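This report concerns only the one structure given below.
We did not get these values from a lab; they are worked out from the coordinates using the rules stated. Predicted model only: the values in this text are computed from it and were never measured. All Cβ positions, glycine included, derive from the backbone under ideal geometry; neighbour counts span all protein chains shown.
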Amino acid sequence: SAVISQKPSRDICQRGTSLTIQCQVDSQVTMMFWYRQQPGQSLTLIATANQGSEATYESGFVIDKFPISRPNLTFSTLTVSNMSPEDSSIYLCSVEWRDNEQFFGPGTRLTVL
Amino acid sequence: QKEVEQNSGPLSVPEGAIASLNCTYSDRGSQSFFWYRQYSGKSPELIMSIYSNGDKEDGRFTAQLNKASQYVSLLIRDSQPSDSATYLCAVKAAGNKLTFGGGTRVLVKP
């Protein structure tokens, strides 16, 4: 499977600020995704990061709050904007490999004070 | 609302026994089914995928799929303390999006 890295691994931020999370893959992949995992919860898909076009957001998530970039087939960023304590979560990127299986990066643990 | 349901547990299993985890899904159009293992503080790790009815075995893990009953299960044989984790069922319908269940926490007691 692909090797996926995320930066930062964790951060503590003040409310009202923004944080950009990076996701890097060691191979070119068509499909990249961003998920959120709130404390004690399962994974919720935020958006599909499309290379060369705007991301496709799931219900309840908007571009102004979670802008996403996908400049090439190995890299994507997710920004969490104007943060509040409710945004405290683990943010995970994933890639689809061999046209069906998804593999996850190590995650970014975000705490908003 | 497409749903994937799992018993949250914890499922307590003696070491060496079989752990049986269940998952039901609502979307009859679902085509692909996955089991992920997630240790506390770590990201999900894919352990099994299954696409057709029946059983699929990989080492100590067996996935079972019954599309007519909209049911997928995971058996862990000879359970070890290192199997203690949360197991997430994920289902993919048309398209590339995965829908995850809430997860079942498994606790293997020595």
Log entry, pairs with first residue in region B:33-44 being within 17 Å of B:Leu21 (Cα to Cα), second being among the β-branched types (Val, Ile, Thr), beta carbons closer than 7 Å, six or more apart or on different chains, reads B:Phe33/B:Ile50; B:Phe33/B:Val72; B:Phe33/B:Val91; B:Trp35/B:Ile47; B:Tyr36/B:Ile47; B:Arg37/B:Ile47; B:Gln38/B:Thr86
Name every residue in region A:62-91 that is without any contact (Cβ under 8 Å) to a residue 40 or more places away in the chain and either closer than 19 Å to A:Cys13 by Cβ or touching a Cys at 6+ places or on another chain (Cβ under 7 Å) (or both), in order of residue number.
A:Asp64, A:Lys65, A:Phe66, A:Pro67, A:Ile68, A:Glu86, A:Asp87
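Residue-wise test of (1) over 18 Å from B:Pro44 (Cα atoms); (2) hydroxyl-bearing (Ser, Thr, Tyr); (3) not in a strand (DSSP E or B).
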{"site": "A:Gln6", "(1), (2), (3)": "no, no, no"}
{"site": "A:Gly40", "(1), (2), (3)": "no, no, yes"}
{"site": "A:Thr44", "(1), (2), (3)": "no, yes, no"}
{"site": "A:Glu54", "(1), (2), (3)": "yes, no, yes"}
{"site": "A:Phe66", "(1), (2), (3)": "yes, no, yes"}
{"site": "A:Pro71", "(1), (2), (3)": "yes, no, no"}
{"site": "A:Gln102", "(1), (2), (3)": "no, no, no"}
{"site": "A:Arg109", "(1), (2), (3)": "no, no, no"}
Please determine, by comparing only the residues of region B:8-19 that are farther than 30 Å from A:Arg10 by Cα and surrounded by fewer than 16 Cβ atoms within 10 Å (Cβ to Cβ), which one is nearest to the other protein chains (Cβ to nearest Cβ).
B:Ser12
Quick one: how many residues across region A:94-105 are within 11 Å of the chain's Cα centre (by Cα) and at the interface with chain B (Cβ under 7 Å from one of its Cβ atoms)?
2
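Taking region B:27-57 as the search range and keeping residues that are in a strand (DSSP E or B), out of contact with any Phe, Trp or Tyr (no Cβ under 8 Å at 6 or more places or on another chain) and surrounded by 14 or more Cβ atoms within 10 Å (Cβ to Cβ), which one is nearest to the other protein chains (Cβ to nearest Cβ)?
Looking only at region B:27-57, we keep the residues that are in a strand (DSSP E or B), and these are B:32-38, B:45-50, B:54-57.
Pick out the ones that are also out of contact with any Phe, Trp or Tyr (no Cβ under 8 Å at 6 or more places or on another chain) and you get B:34, B:54-57.
Filter once more, keeping what is surrounded by 14 or more Cβ atoms within 10 Å (Cβ to Cβ): B:34, B:56.
Values: B:Phe34: 7, B:Lys56: 13 Å.
Taking the candidates together, the pick is B:Phe34.
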Residues to consider are B:Arg60, B:Arg77; find the one that is over 20 Å from A:Asn100 (Cα atoms), touching a residue at least 40 places away in the same chain (Cβ under 8 Å) and more than 11 Å from chain A (Cβ to nearest Cβ).
B:Arg77
All but one of (1) of a type in the set (A, V, I, L, M); (2) crowded, with 21+ Cβ neighbours inside 10 Å; (3) touching a Lys or Arg at 6+ places or on another chain (Cβ under 6 Å) hold for B:Ala90, so report the exception by its number.
(3)
Quick one: would you say B:Thr24 is assigned to a strand (DSSP E or B), closer than 28 Å to A:Thr108 by Cβ and not hydrophobic (A, V, I, L, M, F, W, C)?
no
Determine which member of the set A:Thr17, A:Thr30 is within 14 Å of another protein chain (Cβ to nearest Cβ) and surrounded by fewer than 18 Cβ atoms within 10 Å (Cβ to Cβ).
A:Thr30
